[in-house]
Amino acid sequence: MRIKLNPVHDDLFQVAKDTVGLLRGSGHKAFFVGGCVRDLAMHINPKEYDISTSANPHEVMKIFPNPVTVGVNFGVVIVLRDRFKFEVATFRREESYSDGRHPDNVIYSNDETEDVLRRDFTINGMLYDPFSEELIDYTGGLNDIKEETIKTIGNPNERFKEDKLRMLRAVRFGAQLDYEIEETTLGAIKEMASSILHVSAERIRDEILKIITQEQPGKGLRLLRETGLLKYILPDVDRMHGVPQPPNFHPEGDVFNHTCLIMDKLYEITNGKQSPELTMGALLHDVGKPDTYTESDRIRFNGHDRIGAEISRRICKGLKLSNKQIAIIASLVREHLKFKDVFNMRESTLKRFLGMPNFEDHLKLHLADCLASHGLTEAYEFVIKKLGEIKIEELKPKLLLNGFDLIEMGYTPGPIFSKILDSLEEAQLEGTLKIKDDAKRFVLSNFPLQK
């Protein structure tokens, strides 16, 4: 099927079109392919363009200087032009996938139809000719866009055997586009869900992050559970399903439903610009609840913040996140309950809390948590008001004394120094110490020198 389609002719489109023109001018076939064509069909302005061509990688590299050749063994060359980059892939067919990711043998082709038929989903299998401005559909992708359906090209079991990660990609596209996964495709995912563990932790992590940082992350989580993938890639999150919560605080229902809602609320309040660390913190903030569930006078989850922080460290380590990322995520989980105490905190405790690293993320998580449950935002508003009243230097004051000062005063270096400096910081945060002489008198009074 071919249809006429007039795109927006912005700078990116024009450079991409010119790239196709240079390939054709050298005697090769070339088209736009994949997600950019899907976007064009949906009247969305693409943010990037991928190109497929009959030129083999060496021929592509002769046409375009200074290419990036990371994927050259699989027929892919990254072409840099102006301020843009384009993934240029050679038409090919592929034979068996022993590792469930890479083809054992790549055979270059001169036939764009062969190339299209080896791709993952019908909506990603369309071509576009930027010169005739025709969309070329060999796989039924246009109809599936009309039907709002995610469907594999050909046999879904074969497509997923070739690359197990495609099962997660089906979920991502289903959530992102708000499409349904076609029945046979969905059945194949359910049947093969356990095989997702054959995929590297890094690839699973990257796909999870894409699912939970895009539009409708809550739907993404629900689809992961419906397909059976969640219990293999995030079993601790899957365990949240069915764990009840006190209805007066959580009218939205169980822990899993609350988690889905908080992901959606976080996307809304950040306009989709949340960091991976904040997003993972939101996903895992209640991960300790299944292990701490008790019911006496009411449902309680005592210590779920502390237990959840430990679980989140284990999960994030398994997903190969960096130590810095793990520390930030664990802190978001561990500290998320403290907002309920802000009204009664001492001045020094409140300032320490507001001065925590990445406090802006803690605040966003708290707001999303409230909006996904009882809807009460008094603590959030109190903190915003305090942040407007307190100067930055008051939140993280420079200590009036340091270790060298303590030595000059006659103190011997050791564990006592930490106690003295912590006490000094607290007094400064309380506002009771303003100058160095007052600080010395404070220290001598509270930590007498040993004779």
Next on the checklist: So, in segment 87-131, how many residues would count as being among the polar types (S, T, N, Q), at pLDDT 95 or above and more than 31 Å from the chain's Cα centre (by Cα)?
Outcome noted: 0
Item to check | Top-ranked residue in segment 388-416 [being modelled with pLDDT of 85 or more and in a helix (DSSP H, G or I); ranked as surrounded by the most Cβ atoms within 10 Å (Cβ to Cβ)] | outcome: I416
Checklist entry - Can you name every residue in segment 140-157 that is in contact with a strand residue (DSSP E or B) (Cβ under 8 Å, 6 or more places away or on another chain) and open to solvent by 20 Å² or more (accessible area, probe 1.4 Å)? => result L142, E148, T149, K151
Checklist entry - Which of the residues that make up segment 433-451 are in a loop (DSSP other than H, G, I, E, B), open to solvent by 60 Å² or more (accessible area, probe 1.4 Å) and within 16 Å of K398 (Cβ to Cβ)? => result K434, I435
Item to check | Members of segment 372-387 found to be open to solvent by less than 70 Å² (accessible area, probe 1.4 Å) and either assigned to a helix (DSSP H, G or I) or without any contact (Cβ under 8 Å) to a residue 40 or more places away in the chain (or both), listed by number | outcome: G375, T377, A379, Y380, F382, V383, K386, L387
Item to check | Sole residue being β-branched (V, I, T), crowded, with 22+ Cβ neighbours inside 10 Å and in contact with a Lys or Arg (Cβ under 7 Å, 6 or more places away or on another chain), chosen from I189, I211 | outcome: I211
Checklist entry - Inside segment 1-43, can you point out the residues that are surrounded by 13 or more Cβ atoms within 10 Å (Cβ to Cβ), closer than 26 Å to I150 by Cβ and free of Cβ contacts under 8 Å to residues at least 40 places away in the same chain? => result D39
Next on the checklist: Condition first: free of Cβ contacts under 8 Å to residues at least 40 places away in the same chain, surrounded by fewer than 22 Cβ atoms within 10 Å (Cβ to Cβ) and touching a strand residue (DSSP E or B) at 6+ places or on another chain (Cβ under 8 Å). Now tell me which residues in segment 49-72 satisfy that.
Outcome noted: D50, P57, M61, N66, P67, V68, T69, V70, G71
Checklist outcome for this item: Of the residues in segment 243-274, those that are under 18 Å from the mean Cα position of the chain (by Cα), surrounded by 16 or more Cβ atoms within 10 Å (Cβ to Cβ) and not in a helix (DSSP H, G or I) come to Q274
Checklist entry - Looking only at segment 164-186, which residues are among the acidic types (D, E) and surrounded by 15 or more Cβ atoms within 10 Å (Cβ to Cβ)? => result E180, E182
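The values are calculated or read from the model by the stated rules, or taken from the named source; none is laboratory data. The model shown is predicted, which means the values in this text are computed figures rather than measured ones. FYI the Cβ positions are ideal-geometry reconstructions off the backbone, even for glycines, and counts take in every protein chain you see. The accessibility values were calculated without ligands, DNA or RNA, using every heavy atom of the protein model including side chains. Shrake-Rupley method; radii C 1.70, N 1.55, O 1.52, S 1.80 Å.
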